[in-house]
Amino acid sequence: MAQHNLLGKAGEREAVDFLIRQGFTIRETNWRMGKLEVDIIAQEQGMMLHIVEVKTRTSDEHYDPMRSITEAKKRHMVASASAYINYYQLKCEVQYDVIILIGSEGNFRLEYYPDLFLPRLKTYR
């Protein structure tokens, strides 16, 4: 496995551990349906579903990892959440979170951005 893939997997494990320590239940990791994918699907007490994107980098010296959360990435997260909710026929609220990890395995700095954005609404005339 390529080095960047190993770093990404280590970051996702660290993100899962963080969410568990915060009291979340992890429903899925790396959930896929066709081209749709979610890094972590977590749930708090109650019915709030958290769609979590994880970005892992060795450094943020030359590039802000948050820049990778583009409008296209947000649309992908919303579409993936919708597919998951429809597949399992859930009735729940959804929140879109991002976890950024900077460093190396065992030595990450974790930044958690809960409820980072609201999905855009489509209006029809």
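The values are calculated or read from the model by the stated rules, or taken from the named source; none is laboratory data. Model, not experiment: these values are computed from the prediction. With ideal geometry, Cβ positions are generated from the backbone for all residues, glycine too; neighbour counts draw on all protein chains shown.
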Q: Any residue in segment 1-17 that's at pLDDT 75 or above: show its pairings with residues that are β-branched (Val, Ile, Thr) and not in a helix (DSSP H, G or I) at Cβ separation under 6 Å, as long as the two are six or more apart or on different chains.
A: Leu7/Thr56; Gly8/Thr56; Gly11/Val54; Gly11/Thr56; Glu12/Val54; Ala15/Val54; Ala15/Ile99; Val16/Ile26
Q: For segment 78-90, state whether one or more residues are out of contact with any helix residue (DSSP H, G or I) (no Cβ under 7 Å at 6 or more places or on another chain), modelled with pLDDT of 95 or more and closer than 23 Å to Leu6 by Cα.
A: no
